[in-house]
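Asker: Just dropping this structure here.
Just so you know, all these numbers are worked out from the coordinates, no wet-lab data involved. Because the structure is a prediction, the values reported are computed rather than measured. Because the Cβ atoms are built from the backbone with ideal geometry, glycine has one as well, and the counts that use them run over all protein chains shown.
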Amino acid sequence: SQQGEEDPQALSIQEGENATMNCSYKTSINNLQWYRQNSGRGLVHLILIRSNEREKHSGRLRVTLDTSKKSSSLLITASRAADTASYFCATPWAGNNDMRFGAGTRLTVKP
Amino acid sequence: DSGVTQTPKHLITATGQRVTLRCSPRSGDLSVYWYQQSLDQGLQFLIQYYNGEERAKGNILERFSAQQFPDLHSELNLSSLELGDSALYFCASSGANYGYTFGSGTRLTVV
């Protein structure tokens, strides 16, 4: 079963613009994670935000978490062509630490 | 190199056959997770092992099985293969801290 859902499914922007992706989930969580996947490659862990955190930064990435709305957003600032990838949110399932992934947002950054 | 090794990278086999996918986790990680990624199903959690024992089960078919060995490497066995089993199969590992490290995947094509 999937836990998170990303929105939009696809996003196309110009280099230098900001990209915002959203994730909604269903159950209470203790953390939420974002991953990037380049086409046909393995997923790469980007950032983890805990349930008691509201915002977290890592380089050009900013993640927010609103546990009351069961939603998170990933902002990539000053995007680059190399940011072109699919982005997934993941949350723990049923009290375990096995993570369930959404269907992802496919981001295309045009040079 | 993420530290998680999956072999083989590509596999082409016929319907009805059986294959074994192998995963070596990152050094020190006790947990291994298997995921299936197909175009129409997204990233589906199959099964988790922790230090040799099954910890959590997802949408894993009865035709599929897995195990984790004393040296912590894991194998995913897929039998009576069907065309619909064609997908990317990922292994991920994690340690005490949250955040998965994914392998580069095995692309299985059933013909």
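Asker: Can you tell me which residue is farthest from A:HIS45 (Cα to Cα) among those in the range B:42-98 that are of a type in the set (Gly, Ala, Ser), in a strand (DSSP E or B) and within 8 Å of another protein chain (Cβ to nearest Cβ)?
Answerer: First, pick out the residues of the range B:42-98 that are of a type in the set (Gly, Ala, Ser): B:42, B:52, B:56, B:58, B:65-66, B:74, B:79-80, B:84, B:86-87, B:92-96.
From what is left, the residues that are in a strand (DSSP E or B) are B:42, B:56, B:65-66, B:74, B:87, B:92-94.
Filter once more, so that each one left must be within 8 Å of another protein chain (Cβ to nearest Cβ): B:42, B:56, B:92, B:94.
Working: B:GLY42: 17, B:ALA56: 21, B:ALA92: 11, B:SER94: 11 Å.
Filtering the range B:42-98 for residues that are of a type in the set (Gly, Ala, Ser), in a strand (DSSP E or B) and within 8 Å of another protein chain (Cβ to nearest Cβ), the one farthest from A:HIS45 (Cα to Cα) comes out as B:ALA56.
Asker: Filter the range B:99-111 down to the residues that are within 24 Å of A:ASN38 (Cα to Cα) and more than 14 Å from chain A (Cβ to nearest Cβ) and list them by number.
Answerer: Of everything in the range B:99-111, just one residue is within 24 Å of A:ASN38 (Cα to Cα) and more than 14 Å from chain A (Cβ to nearest Cβ), namely B:VAL110.
Asker: Next question. If a residue must be under 19 Å from B:ASP1 (Cα atoms) and of a type outside the set (S, T, N, Q), how many such residues does the range B:12-28 contain?
Answerer: Within the range B:12-28, the subset under 19 Å from B:ASP1 (Cα atoms) is B:21-28.
Going one step further and asking which of them are of a type outside the set (S, T, N, Q), we end up with B:21-23, B:25-26, B:28.
Qualifying residue count for the region: 6.
Asker: Do any residues in the range A:35-61 that are in contact (Cβ under 8 Å) with a residue 60 or more places away in the chain have Cβ atoms under 8 Å from those of residues that are β-branched (Val, Ile, Thr), where the two are at least six apart or on different chains, and which pairs are they?
Answerer: A:TYR35/A:VAL44; A:GLN37/A:VAL44
Asker: Still on this model: Does A:THR27 satisfy being touching a strand residue (DSSP E or B) at 6+ places or on another chain (Cβ under 7 Å), β-branched (Val, Ile, Thr) and away from chain B (no Cβ under 14 Å)? Reasoning before the result, please.
Answerer: Numbers: touching a strand residue (DSSP E or B) at 6+ places or on another chain (Cβ under 7 Å): no; β-branched (Val, Ile, Thr): yes; away from chain B (no Cβ under 14 Å): yes.
No, not satisfied.
Asker: Going by what's in this entry, would B:ARG22 be described as of a type in the set (Lys, Arg), surrounded by 12 or more Cβ atoms within 10 Å (Cβ to Cβ) and within 13 Å of chain A (Cβ to nearest Cβ)?
Answerer: On the way: of a type in the set (Lys, Arg): yes; surrounded by 12 or more Cβ atoms within 10 Å (Cβ to Cβ): yes; within 13 Å of chain A (Cβ to nearest Cβ): no.
Considered against the rule, which asks whether it is of a type in the set (Lys, Arg), surrounded by 12 or more Cβ atoms within 10 Å (Cβ to Cβ) and within 13 Å of chain A (Cβ to nearest Cβ), B:ARG22 comes out as no.
Asker: Using beta carbons and a limit of 7 Å, which pairs, at least six apart or on different chains, have the first residue in the range B:1-21 and closer than 17 Å to B:SER79 by Cβ and the second one exposed (fewer than 11 other Cβ atoms within 10 Å of the Cβ)?
Answerer: If the second residue must be exposed (fewer than 11 other Cβ atoms within 10 Å of the Cβ), the pairs left are B:ILE12/B:VAL111; B:ALA14/B:VAL111; B:THR15/B:LEU83.
Asker: Still on this structure: Taking the stated definitions as given, is B:LEU11 over 19 Å from A:MET99 (Cβ atoms) and either within 14 Å of chain A (Cβ to nearest Cβ) or not in a strand (DSSP E or B) (or both)? Full working, then the answer.
Answerer: Details: over 19 Å from A:MET99 (Cβ atoms): yes; either within 14 Å of chain A (Cβ to nearest Cβ) or not in a strand (DSSP E or B) (or both): no.
Considered against the rule, which asks whether it is over 19 Å from A:MET99 (Cβ atoms) and either within 14 Å of chain A (Cβ to nearest Cβ) or not in a strand (DSSP E or B) (or both), B:LEU11 comes out as no.
Asker: I would also like to ask the following. Tell me which residues, restricted to the range B:12-37, are over 13 Å from the mean Cα position of the chain (by Cα) and either among the charged types (D, E, K, R) or closer than 14 Å to B:PHE90 by Cβ (or both). Let's see the steps before the verdict.
Answerer: Residues of the range B:12-37 that are over 13 Å from the mean Cα position of the chain (by Cα), as a first pass: B:12-18, B:26-30.
Within the range B:12-37, B:ARG18, B:ARG26, B:ASP29 qualify.
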